[in-house]
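Read through the structure below, which is laid out as structure tokens, and then see the notes.
The values are calculated or read from the model by the stated rules, or taken from the named source; none is laboratory data. Computed from a predicted structure; not experimentally measured. For neighbour counting, all protein chains shown are included, and Cβ atoms are generated from backbone atoms with ideal geometry for every residue, glycine included. These accessible areas exclude ligands, DNA and RNA; they are computed on the full protein's heavy atoms, side chains included. Shrake-Rupley method; radii C 1.70, N 1.55, O 1.52, S 1.80 Å.
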Amino acid sequence: MKMLINVPETVVTDALRGMAAAHPDLVVDTENRVIVRRDAPVAGKVGLVSGGGSGHEPLHGGFVGPGMLDGACPGEVFTSPVPDQMVRAAAAVDSGKGVLFVVKNYTGDVLNFQMAAELAEDEGVQVASVLVNDDVAVIDSTFTAGRRGTGATLFVEKIAGAAAEEGAPLERIEALARQVVGNSRSFGVALSACTTPAKGSPTFDLPAGELELGIGIHGEPGRERRAMMTSHEIADFAVHAILEDLDPRLPVLVLVNGMGATPLLELYGFAAEVRRVLDERRAAVARTLVGNYVTSLDMAGCSVTLCQVDGELLRLWDAPVETPALRWGR
């Protein structure tokens, strides 16, 4: 498999060097693998920190900046960052108002962020944590106990980040983040396997002419495999799977997310099908975001995330944001 890298051992460090070159508004510590906004810590502001294995870009480093995260910790490809990274990030962004950890529900992330929270509090940093577990495809998987954390991570980081930017206290930001998690559900589909730099070949076997319904962002197994389906059919399956678990009484934010190798031409066509299903189900749509945001290296496929929002959550979603991967209103 051809890859645009030097050697697998330096792929994460090389990417961080590139982020530093492209985004001077970020401080990128390539040695300790911590990314923070250059003006951190911001006086009077709660800090937001997240992180996870590399290979899901722009999650999380691409969401560091005003209106979203204050810091991010990238691990090796598909591998949790270590507690020392998280403690370092928390210290860098803490203004004295506390820090919120946004944690996707994968066993390594959960354990390491828990340990980091204890270590940071030993150093005088007040820490709260929110667990993102929005994937309705399966209960328990290769890397998780319970539901996996996927596309709702973006909604949590954006809405909590906007509240933090406005000066809300830690307790309020934590409550908002938990509300977003509770209001969000996701479902993913793989059209091809992904290829990790270390392996150099597909991480699982997906025969030509088949797809996997309910795939995880590391290539974890989904609900079932089927012969290739149309965009129309995939949207029917994915949205119905979400709405079996989420009965939105409020308008929804819609994320149509590419897994890394699916072109925007196809994603926008799929977004039209998702909207069709939501209209048929009489689910009101507040906003729609289409693009590659929570990826799985070079996997072809997509995911859908819905989050029902009241007026306050929608206001915070619309609030200004300025990060490498998400920016509006500033």
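Taken over the chain, lysine pairs spaced eight or more positions apart, or on distinct chains, with alpha carbons under 18 Å apart number 4. Among beta bridges from DSSP that stay inside region 207-291, the antiparallel ones total about 40%. Tell me which trypsin sites (Lys or Arg not before Pro) from region 260-299 have a DSSP coil assignment and no more than 14 other beta carbons within 10 Å of their own. When the trypsin sites (Lys or Arg not before Pro) of region 260-299 are filtered for loop state and at most 14 Cβ neighbours within 10 Å, Arg281, Arg282 remain. Taking Ala117, Ala227, Ala15 in turn, the Gaussian network model of the chain (Cα-Cα springs below 10 Å) assigns the largest fluctuation to Ala227. Based on DSSP H segments of at least four residues, each scored -39500 (n - 2.57), the chain has a per-residue ellipticity at 222 nm of -10000 deg cm²/dmol.
Judged by the gyration tensor of its Cα atoms, with axes a ≥ b ≥ c, region 4-95 is prolate; a/c meets the 1.5 cut and a/b is the larger of a/b and b/c.
Computed from label points 7 Å out along Cα-Cβ, the spacing between Met229 and Ile139 is 2.2 nm.
Extension gain for the segment Arg172 to Ser201, taken as residue separation times 0.36 nm less the Cα-Cα distance, is 5.9 nm to one decimal.
Once the dipole of region 85-241 is set up with Lys and Arg at +1 and Asp and Glu at -1 on Cβ about the Cα centre, which of Val110, Val99, Gly209 lies farthest towards its positive end? Among Val110, Val99, Gly209, the one farthest towards the positive end of the dipole of region 85-241 is Gly209. The mean accessible area for residues of the chain, using a 1.4 Å probe and ignoring ligands and nucleic acids, is 40 Å² per residue. Applying a DSSP loop filter and a limit of 14 other Cβ atoms within 10 Å to the GluC sites (Glu not before Pro) in region 244-274 leaves Glu244. Using the Cβ-Cβ distance between Asp247 and Asp14 with R0 = 45 Å, the FRET efficiency computed as 1/(1 + (r/R0)^6) comes to roughly 0.50. Set the Cα radius of gyration of region 163-308 against 2.2 N^0.38 Å, with N its number of residues, and you get 1.12.
For region 167-269, the set of chymotrypsin sites (Phe, Trp or Tyr not before Pro) satisfying both a DSSP loop assignment and a count of at most 16 other C-beta atoms within 10 Å is given as Phe204.
Basic side chains Lys and Arg get +1 at the Cβ, acidic Asp and Glu get -1 at the Cβ, and with that the dipole of the chain about its Cα centre reaches some 600 debye. Assign one of three labels to the chain, namely rounded, prolate or oblate, based on the Cα gyration tensor with a ≥ b ≥ c the square roots of its eigenvalues; rounded applies when a/c is under 1.5, prolate when it is not and a/b is larger than b/c, and oblate otherwise. Because a/c hits 1.5 or more and a/b fails to exceed b/c, the chain counts as oblate.
Of the solvent-accessible surface of the chain, computed with a 1.4 Å probe over protein heavy atoms with every protein chain present, carbon and sulfur atoms account for 53 percent. Basic side chains Lys and Arg get +1 at the Cβ, acidic Asp and Glu get -1 at the Cβ, and with that the dipole of region 21-85 about its Cα centre reaches some 180 debye.
Relative protection proxy for 84-91, 17-24, 312-319, from highest mean packing down: 84-91, 312-319, 17-24 (other beta-carbon atoms within 10 angstrom).
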